[in-house]
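Encoded as structure tokens, the structure appears first; notes follow it.
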Amino acid sequence: MNQILDRSILLIYCLGSVFFTNIDTALLIAFLSASIHTCLHYYAGQRSFHLFLSLLYLALMLLNPEFILFFPAVLYGILEDKYRTILVPCGLLCLFRLTEAALKTQFFLITGILLSLLLSRHAHSYQNLVQKFKQTRDDSVDLNLLLKEKNQVLLEKQGYEIYTATLKERNRIAREIHDNVGHMLSRSILLTGAIRTVNKDTALTLSLEQLETTLSSAMTSVRESVHDLHNESIHLKESLTSLIEAFTFCPVSFEYDMGFEVPKTVKYCLIAIIKEALNNVMRHSNAKKVHITLREHPALYQLIIEDNGTLQPTYAEDGLGLLNMKERIATLNGQIQIQTENGFRIFITIPKREDF
């Protein structure tokens with residue numbers, strides 16, 4: 001937009017030559033030619049076309065001095081050309097045709113040339129500033145995106161570390177309860193039983209029975225708590241990674257995209273199914289590779305197990321392993337689909353439920 005304004009100013013300035021020159025057809029043609037050159041030079045993008053326009057106008061300047069009066073407007077476009085180092089001196093040489101012109105015409109032309117140079121330099125500086133602004137803006141946007149990605153990665157890593165530390169702490173507490181409290185309760189139950197055996201005081205018999213019952217109940221509660229802590233502390237990804245690393249029949253690629261809070265029933269179901277599927281691959285398939293995808297969606301969990309082997313018909317239809325898979329999925333209200341084209345593929349979905 002600034003360039004259009006600059007070119008318009010120069011055309012209007014050059015048109016001011018009518019005040020000290022005769023208005024004739026040649027002057028009108030020169031004005032129209034300069035206007036056409038200015039418009040085409042601005043809107044046409046081909047550099048070769050720009051060169052053709054500039055050379056054509058310089059030729060007209062040699063033929064008719066009237067065209068020299070509008071050289072400042074044409075010069076603005078020439079200064080943007082690739083070949084300006086050649087075109088500008090050629091244009092200045094054409095100015096010698098006005099050596100016999102009035103002093104006022106020469107002053108007018110020199111002033112116009114200086115104005116054209118000034119506006120061109122200003123436009124070039126403005127373009128550089130715009131380019132730097134866009135570059136700075138793009139760099140800033142890229143930097144912000146990069147920082148957001150790094151922050152997201154750090155948050156995910158921090159969440160994963162907290163989750164892993166929580167599971168380890170649960171395991172530690174479960175071991176402490178089992179090794180210390182559990183052993184002490186077991187010893188107390190044995191001592192109580194021994195005391196009941198040697199006790200001859202009938203007044204203490206009822207109390208010893210109640211004490212033994214209480215200790216047995218406490219032992220049962222401790223065992224249940226330890227069992228629950230152990231179940232909750234299972235790390236699904238680490239468990240599956242260990243399971244896959246132990247599988248040496250063929251290469252296994254594993255894609256894991258699950259959240260941290262996976263219900264323990266779903267964890268055990270997925271681990272058992274993947275273990276059974278890998279066993280079936282080893283016993284019934286000649287697969288060269290296996291791909292496992294485990295992904296969490298907003299409303300369900302998704303498991304895909306696929307290989308590129310050829311299978312026995314009994315494996316796909318009546319296999320006990322597949323039957324166990326179907327029963328496990330059914331208890332969680334999930335769905336299982338089996339495909340045997342181009343290998344073997346198991347597609348499982350388990351809906352999310354609050355009662356898991």
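Below are the figures for this structure:
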quantity: Candidate set from the range 292-301 (those that are surrounded by fewer than 16 Cβ atoms within 10 Å (Cβ to Cβ) and closer than 18 Å to S253 by Cβ); member that is nearest to the chain's Cα centre (by Cα); calculated: R295
quantity: Residue list for the range 276-291, restricted to those being more than 18 Å from G334 (Cα to Cα) and either outside the structural domain of Q335 (by TED's automatic domain parsing) or buried (at least 16 other Cβ atoms within 10 Å of the Cβ) (or both); calculated: L278, N280, V281, H284, S285, A287, V290, H291
quantity: Residue in the range 210-222 that is modelled with pLDDT under 70 and of a type in the set (S, T, N, Q) present; calculated: no
quantity: Output for the range 292-325, where each listed residue is modelled with pLDDT of 75 or more and either more than 16 Å from V266 (Cα to Cα) or not assigned by TED's automatic domain parsing to the domain that holds V252 (or both); calculated: I292, I305, E306, D307, N308, G309, L322, L323
quantity: Sole exception among (1) modelled with pLDDT of 80 or more; (2) more than 35 Å from the chain's Cα centre (by Cα) for K148, by number; calculated: (2)
quantity: Filtered residues of the range 177-220 (kept if polar (S, T, N, Q) and not in a helix (DSSP H, G or I)); calculated: N199
quantity: Test result for I271, among the hydrophobic types (A, V, I, L, M, F, W, C) and either under 18 Å from R353 (Cβ atoms) or surrounded by fewer than 16 Cβ atoms within 10 Å (Cβ to Cβ) (or both); calculated: yes
quantity: Search result, residues across the range 81-133 that are closer than 19 Å to A34 by Cβ, surrounded by 12 or more Cβ atoms within 10 Å (Cβ to Cβ) and at pLDDT 75 or above; calculated: F108, L109, I110, T111, G112, I113, L115, S116, L117, L119, S120, A123
quantity: Verdict on A26 being modelled with pLDDT of 75 or more, closer than 19 Å to F107 by Cβ, surrounded by 13 or more Cβ atoms within 10 Å (Cβ to Cβ) and among the small types (G, A, S); calculated: no
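The values are calculated or read from the model by the stated rules, or taken from the named source; none is laboratory data. The structure presented is a predicted model; accordingly, all values stated were derived computationally and were not measured. For neighbour counting, all protein chains shown are included, and Cβ atoms are generated from backbone atoms with ideal geometry for every residue, glycine included.
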